Amino acid sequence: MYNLSDMHIHIDYFKNFKEIYNSFEQNKTYALFVTNLPEIYQKCRNEFPESKFIKLGLGYNPQLAEKYPFNQNLFDSMLPFTKYVGEVGLDYSKEFVQTKIEQQEAFDYICSQSAIGKKIMSIHSRGAEADVLAMLKKNKVEYAIFHWYSGNKEFVYKIVEQGYYFSVNYSMLASKKGLDIIKSIPIDRLLIETDAPFAKTNLKGNSYNLSEIYCQFAKKLGVEQFEEVIYKNLASLLLNQRDSLNQ
């Protein structure tokens with residue numbers, strides 16, 4: 001039995017977040033709790049103790065750029081406390097494209113600092129896949145995970161070419177477009193996320209059922225030992241980051 005992982009979940013949106021945290025600890029589930037603002041990351045650091053399995057990502061969600069200007073000073077002060085940066089990125093969808101310039105300025109800075117610290121980034125890229133990749137390459141970011149990728153399948157190769165990963169969820173698996181995207185990603189670049197509570201996770205009547213999500217992926221993709229595949233993918237990413245930090 002291999003440990004399961006959830007590489008993108010918004011725990012601060014759950015009322016019973018402490019209960020969820022404890023369940024991850026008890027089940028030895030490796031989880032990345034992403035945040036949407038540096039202020040939220042700071043608050044979560046005070047809520048959750050250090051853990052072998054649960055990691056906090058320092059984030060600035062591009063969808064919040066209009067309401068919350070990027071707090072660069074706080075971001076800088078919090079960055080040394082984590083190996084993960086997320087949720088960050090760009091969103092050019094109709095609802096958020098009006099803050100395109102502000103998003104770009106913040107994300108470019110976040111990429112530059114993440115690259116220096118060799119952080120693993122969990123990235124939002126809706127409608128902005130080309131600009132996100134260009135900014136990652138410009139800043140020489142080594143470790144990136146494209147969260148809930150929704151771009152075209154042809155662009156997947158360009159992302160893979162840079163050594164980056166994709167975290168995919170059940171909502172993607174349950175849609176034709178999403179499933180096509182998942183199938184276009186090399187199996188050794190796949191990671192699992194739930195994006196809870198924003199993506200579908202209520203399988204078999206449960207509000208959060210990670211093991212069943214893994215089962216559904218294995219079934220639809222026809223991959224035996226799917227848990228082992230994802231475990232090894234994540235292990236490879238973490239070991240590469242560790243070795244890089246030790247150089």
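The values are calculated or read from the model by the stated rules, or taken from the named source; none is laboratory data. Everything numeric here is computed off the predicted structure, so don't read it as measured data. Methodologically, a virtual Cβ is constructed for each residue, glycine included, from the backbone with ideal geometry; neighbour enumeration extends over all protein chains shown.
Brief remarks follow.
- Exactly one residue out of Lys153, Lys140, Lys119 is among the basic types (Lys, Arg) and within 14 Å of the chain's Cα centre (by Cα): that is Lys119.
- Residue within the stretch 188-201 that is assigned to a helix (DSSP H, G or I) and farther than 26 Å from Asn16 by Cβ present: yes
- Subset of the stretch 151-177 [out of contact with any Gly (no Cβ under 8 Å at 6 or more places or on another chain), farther than 14 Å from Leu190 by Cβ and among the hydroxyl-bearing types (Ser, Thr, Tyr)]: Tyr157, Ser175
- Residue pairs whose Cβ atoms lie under 8 Å apart, separated by 6 or more positions or on different chains, with the first residue in the stretch 214-238 and modelled with pLDDT of 95 or more and the second acidic (Asp, Glu) and surrounded by 15 or more Cβ atoms within 10 Å (Cβ to Cβ), are Tyr214/Glu227; Ala218/Glu227.
For every residue, the table says whether it meets (1) touching a Gly at 6+ places or on another chain (Cβ under 6 Å); (2) touching a residue at least 12 places away in the same chain (Cβ under 8 Å); (3) basic (Lys, Arg).
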position	(1), (2), (3)
Gly59	yes, yes, no
Phe70	no, yes, no
Leu79	no, yes, no
Glu87	yes, yes, no
Asp108	no, yes, no
Gly117	no, yes, no
Arg126	no, yes, yes
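- Some residue of the stretch 128-148 being of a type outside the set (Val, Ile, Thr), farther than 19 Å from Tyr60 by Cα and in contact with a strand residue (DSSP E or B) (Cβ under 7 Å, 6 or more places away or on another chain): no
- Residue pairs meeting the criteria (Cβ under 6 Å; at least 6 apart or on separate chains; first without any contact (Cβ under 8 Å) to a residue 12 or more places away in the chain and surrounded by 14 or more Cβ atoms within 10 Å (Cβ to Cβ), in the stretch 19-48; second outside any loop (DSSP other than H, G, I, E, B) and of a type in the set (Asp, Glu)): none
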